[in-house]
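Trainee: I'd like to ask some things about the structure below.
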Amino acid sequence: MSTASLRGAAAVVGVADLHYKRGEAPHGELRMTLEAIVAACADAGMSPRELDGFVSYAGGGHDGAILGAALGVEEVRWSNMMWGGGGGTVAAALNNAAVAIATGQAECVVVFRAMAQEDSGRLGYAKYFYGPHYLAHGVGSPAQVCALRTQRLLEHDGVPREALRALVLAAYRHAQNNPTAAGYGRPLDEEGYESSRMITEPFHLYDCSRESDGAVALVLVSAERAKAMRPDAAYVLAGAQGAPGGYSSIIDNDDLYTSAGFAARPGRSGVADRLWAAAGLGPDDVDVVQVYENFSGPAVAALIDHGLAPAGPSAGEVLTVDNLTAGIGKLPVNTSGGNIADSFVNGMGLAVEAVRQIRGTSTNPVADTHISLFIGGPMAPLVSSTLFGREDTL
Amino acid sequence: MSESSPEAAVERDDVDARVREYLWGPAADGLDQPYWDGLVAGELRLQRCGNCAEWIWGPQWICGACHTFDPGWAAVEAVGTVYSWSRSHYPFITELADRTPYVTVLVELPAADNRRVLGILTGDDADGVRIGQRVVGHFELDEGATWPLLRWRRDSTEGARS
């Protein structure tokens, strides 16, 4: 059945991450997208004119024809948008670029996302994405849908609330070493977390991600070309995506309600299982994780789904602040500060940090990183993951 | 115009009433019309396939179990248990800002093969809401609203039963 393997076929050779405080971007989304793409190409040491593929996700604007024309490329061979909101397809966008390269549809693909409040409004604020069967009952934002799922994760499944807090505090600890993080110079302790105002229970203010203006771009090329370009390229070892249980069209009647969407169901492999199988690796092989945390609860559920932490009350034994901290713990997570303490350009900055860990250029480097996992938006309608490896892991 | 002027407040109320109408009520495509008609009649109606008896929620054009189109509707007793809940403090929906904080419950309905429906929990005892508690549905027409809504109360007989 399979004709082209994704494993090691493509690699990230250039990255750029421009972010600003929400509402303070100096330019609109198109301009910032172009800036990020040009910067990522410069990081890769190549001309933007060589790009022939463009991939974004979740309703981002500006397709390959627009960007290709602006950049003066020779030809646009691949221009795709991954459906699905909530950051769920951010990793799927990377996977899509790798698929294009692995199958010869394109040779040099840039994955991008830009957000500027002036162009697209404030994402978390009453966009009325939800239909009347949510709105009539006071549910009008992803925070509330994720809160309902997280409440059951805590109260019914028994995951301790301290596990959510640990994820948040580790992110803030990482941000203290990252001068460009929004949380830099703003350390957060248990008391500060606990005393912050409630947003929608069980989420405090600090359980919720930031929203930044900015643009992020990652350039992928074939493995052959990557080897010639740089020794620290981040190879795509595996990617997987999926849509469990129907989600929004069945109004909170999906199976595995407290799953983040990556878990297997009886008789069905889940996204996480497919990721590990495709890579020939397991959760114990991962050196560092970047998990999309629009809210802390779904991120904890995503770590459980991927087998990185046990389900239920034992999750608290693995998900401690120290164990999630780079240089100290066995499961360093969101080492730039993540969406919560660094910046949020629809979660794409996390992919850049996953690449930086492979390169060894993170501000919180995890020693001798060979395997770097990026997990896309948990508890979104469609979710995805990408596993990166160093050249010597191929 | 000053936002605090009485004139502004009146205008704001008018806008809210219109928006409330927009926020809920039957979809333009008619798919969920029987649900809303049921609320007016004081009944909770969900889809139930006339061919294979599958309960379906939210509204669908087709039964996912047997692929019968326009699967049909049935009334179901509005009694269930809290599957999950969240108390919203931030006014995510500006038109409901005057209600915050409010508790939204996801209620599992044993009479509909444990299909789950959302609703706001009313009553003074909403503070003590927990998963697994029995709740009973009722139908409320908000001031200025066109369509009534299904809301939930803790079952006052629960203590006596257990």
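Trainee: Within the range A:49-63, restricting attention to residues that are in contact with a Leu (Cβ under 9 Å, 6 or more places away or on another chain) and modelled with pLDDT under 95, which residue is surrounded by the fewest Cβ atoms within 10 Å (Cβ to Cβ)?
Mentor: So, considering only residues that are in contact with a Leu (Cβ under 9 Å, 6 or more places away or on another chain) and modelled with pLDDT under 95, the one surrounded by the fewest Cβ atoms within 10 Å (Cβ to Cβ) is A:GLY61.
Trainee: Further, regarding this structure: Tell me whether the range A:326-347 contains one or more residues that are touching a Leu at 6+ places or on another chain (Cβ under 8 Å), in a strand (DSSP E or B) and in contact (Cβ under 8 Å) with a residue 24 or more places away in the chain.
Mentor: Yes: the range A:326-347 contains one or more residues that are touching a Leu at 6+ places or on another chain (Cβ under 8 Å), in a strand (DSSP E or B) and in contact (Cβ under 8 Å) with a residue 24 or more places away in the chain.
Trainee: Moving on. Name every residue in the range A:203-230 that is out of contact with any Lys or Arg (no Cβ under 9 Å at 6 or more places or on another chain) and not in a strand (DSSP E or B), in order of residue number.
Mentor: Correct list: A:SER209, A:ALA223, A:GLU224, A:ARG225, A:ALA226, A:LYS227, A:ALA228, A:MET229.
Trainee: Moving to a separate point now. Might you check whether a residue that is over 21 Å from A:GLU155 (Cβ atoms), open to solvent by less than 40 Å² (accessible area, probe 1.4 Å), in contact with a Cys (Cβ under 9 Å, 6 or more places away or on another chain) and within 11 Å of chain A (Cβ to nearest Cβ) occurs anywhere in the range B:53-66? Break it down stepwise before answering.
Mentor: Taking the range B:53-66 and keeping what is over 21 Å from A:GLU155 (Cβ atoms), we get B:53-66.
Imposing the further condition that a residue be open to solvent by less than 40 Å² (accessible area, probe 1.4 Å) reduces the set to B:55-59, B:63.
Filter once more, keeping what is in contact with a Cys (Cβ under 9 Å, 6 or more places away or on another chain): B:55-56, B:63.
Imposing the further condition that a residue be within 11 Å of chain A (Cβ to nearest Cβ) reduces the set to B:55-56.
Checked against the condition, which is being over 21 Å from A:GLU155 (Cβ atoms), open to solvent by less than 40 Å² (accessible area, probe 1.4 Å), in contact with a Cys (Cβ under 9 Å, 6 or more places away or on another chain) and within 11 Å of chain A (Cβ to nearest Cβ), the range B:53-66 yields at least one hit.
Trainee: Checking A:MET81 against (1) assigned to a loop (DSSP other than H, G, I, E, B); (2) surrounded by fewer than 24 Cβ atoms within 10 Å (Cβ to Cβ), which single condition isn't satisfied?
Mentor: (1)
Trainee: Does the range A:39-47 contain at least one residue that is farther than 30 Å from A:ALA243 by Cβ, crowded, with 21+ Cβ neighbours inside 10 Å and aliphatic (A, V, I, L, M)?
Mentor: Within the range A:39-47, the first condition is being farther than 30 Å from A:ALA243 by Cβ, and the residues that meet it are A:39, A:41-47.
Filter once more, so that each one left must be crowded, with 21+ Cβ neighbours inside 10 Å: A:41, A:44.
Restricting the remaining residues to those that are aliphatic (A, V, I, L, M) gives A:44.
Within the range A:39-47 (the criterion being farther than 30 Å from A:ALA243 by Cβ, crowded, with 21+ Cβ neighbours inside 10 Å and aliphatic (A, V, I, L, M)), the answer is yes, since at least one residue qualifies.
Trainee: Please go through the range A:298-324 and pick out each residue that is more than 15 Å from A:ALA260 (Cβ to Cβ) and crowded, with 22+ Cβ neighbours inside 10 Å.
Mentor: A:LEU324
Trainee: Would you tally the residues in the range A:217-268 being over 18 Å from the mean Cα position of the chain (by Cα), more than 20 Å from A:VAL291 (Cβ to Cβ) and away from every other protein chain (no Cβ under 14 Å)?
Mentor: The number of residues fulfilling the criteria is 17.
Trainee: A follow-up question, please. For the range A:1-33, name all the residues that are under 21 Å from the mean Cα position of the chain (by Cα) and assigned to a helix (DSSP H, G or I).
Mentor: Result: A:GLU29, A:MET32, A:THR33.
Trainee: Find all pairs meeting these conditions: Cβ atoms under 9 angstrom apart; at least six residues apart or on different chains; first residue within the range B:101-127 and at the interface with another protein chain (Cβ under 8 Å from one of its Cβ atoms) and modelled with pLDDT of 95 or more; second residue surrounded by fewer than 18 Cβ atoms within 10 Å (Cβ to Cβ) and part of a helix (DSSP H, G or I).
Mentor: Cβ pairs passing all conditions: B:ILE120/B:ARG99.
Trainee: Quick one: is B:TRP152 open to solvent by less than 20 Å² (accessible area, probe 1.4 Å) and facing chain A (nearest Cβ under 9 Å)?
Mentor: Here the answer is no, as B:TRP152 does not meet what is asked.
The values are calculated or read from the model by the stated rules, or taken from the named source; none is laboratory data. Just so we're clear, the structure is a prediction, and the values are computed from it rather than from any experiment. Ideal geometry is used to build each Cβ from the backbone, glycine not excepted, and the neighbour counts take in all protein chains shown. Note: accessible area is taken over every heavy atom of the protein model, side chains too, but ligands, DNA and RNA are not part of it. Shrake-Rupley method; radii C 1.70, N 1.55, O 1.52, S 1.80 Å.
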